[in-house]
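The values are calculated or read from the model by the stated rules, or taken from the named source; none is laboratory data. Just so it is clear, the structure is predicted and the values come from calculations on it, not from any experiment. Cβ placement follows ideal geometry from the backbone for every residue including glycine, while neighbour counts extend to all protein chains displayed. Heavy atoms of the whole protein, side chains included, go into the accessibility calculation; ligands, DNA and RNA do not. Shrake-Rupley method; radii C 1.70, N 1.55, O 1.52, S 1.80 Å.
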Amino acid sequence: MLNQGRLSSADRLFRETATLFQGREHPGVRWGLGGTALAAGQRGDRAAALAAIADLDTVPVSMRLMDIHVERGRAWTALSTGDLASARAVLWNAVEMAEGWGQFATQSAALHDLLRMGEIQAAAKRLEELADRVDGDLMLARLAHASALVGGDPLVAASAADRFEACGALL
């Protein structure tokens, strides 16, 4: 739902996820809270994003799974408070974590977040390095977006937008 631009629906589902996992004392509550922070941060809802992070920080880390998306939630929360430097730092950490774990698709998501936050040259270079490790239409759209940003070419940007739309990613 996030990639479809349906941030409120994604937020609702992430909240339900957190509630269901919390009721079972399952470590997946972190995934729901991280997703809530990600959706809220992307739509600029500072209060909801901060509340999700505050709750997330009370949950012990007993299992490492979905951590890249949880960190993306932290980054978008930081951005929603106006702290671009911290948002970028969290994302670069997530990029390195994903690479170390061999999670190249989630690494590409964090790199694309960095592009969206203006970290163009370095993030575009790293994204391009993943081109032979991550396949699919979404990756091709991310690569086209990176190319458009690096080159400042509005026609390439329009093509990237068309690619995102074609794969249902209405960012």
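Against the condition over 19 Å from His69 (Cβ atoms), part of a loop (DSSP other than H, G, I, E, B), open to solvent by less than 60 Å² (accessible area, probe 1.4 Å) and at pLDDT 95 or above, how does Ala160 come out, does it pass? Spelling it out, it is not the case that Ala160 is over 19 Å from His69 (Cβ atoms), part of a loop (DSSP other than H, G, I, E, B), open to solvent by less than 60 Å² (accessible area, probe 1.4 Å) and at pLDDT 95 or above. For Glu71, the test of being crowded, with 16+ Cβ neighbours inside 10 Å and either in contact with a Leu (Cβ under 7 Å, 6 or more places away or on another chain) or not in a loop (DSSP other than H, G, I, E, B) (or both) is passed. Of note, Thr81 does not satisfy the criterion of being open to solvent by 10 Å² or more (accessible area, probe 1.4 Å), touching a His at 6+ places or on another chain (Cβ under 7 Å) and modelled with pLDDT of 95 or more. Do we have any residue at all in the range 147-157 that's under 28 Å from Leu65 (Cα atoms), modelled with pLDDT of 95 or more and of a type in the set (A, V, I, L, M)? No, every residue in the range 147-157 fails to be under 28 Å from Leu65 (Cα atoms), modelled with pLDDT of 95 or more and of a type in the set (A, V, I, L, M). Do we have any residue at all in the range 112-133 that's touching a residue at least 40 places away in the same chain (Cβ under 8 Å), under 11 Å from the mean Cα position of the chain (by Cα) and crowded, with 24+ Cβ neighbours inside 10 Å? Yes: the range 112-133 contains one or more residues that are touching a residue at least 40 places away in the same chain (Cβ under 8 Å), under 11 Å from the mean Cα position of the chain (by Cα) and crowded, with 24+ Cβ neighbours inside 10 Å. Within the range 146-157, residues that are within 7 Å of Ala124 (Cβ to Cβ) sit with their Cβ atoms under 7 Å from residues that are in a helix (DSSP H, G or I) and not small (Gly, Ala, Ser), at 6+ positions apart or across chains, in these pairs: Ala146/Leu115; Ala146/Leu127; Ala146/Glu128; Leu149/Leu115; Leu149/Ile120; Val150/Ile120; Val150/Gln121. Checked against the criterion of being within 18 Å of Arg64 (Cβ to Cβ), open to solvent by 10 Å² or more (accessible area, probe 1.4 Å), hydrophobic (A, V, I, L, M, F, W, C) and modelled with pLDDT of 95 or more, the candidates Leu33, Leu13, Leu38 yield just one match: Leu33. Among the residues of the range 134-157, those that are surrounded by 13 or more Cβ atoms within 10 Å (Cβ to Cβ) and in a loop (DSSP other than H, G, I, E, B) comprise Val134, Asp153. When Glu25, Glu96 are screened for being at pLDDT below 95, open to solvent by 60 Å² or more (accessible area, probe 1.4 Å) and among the acidic types (Asp, Glu), only Glu25 passes.
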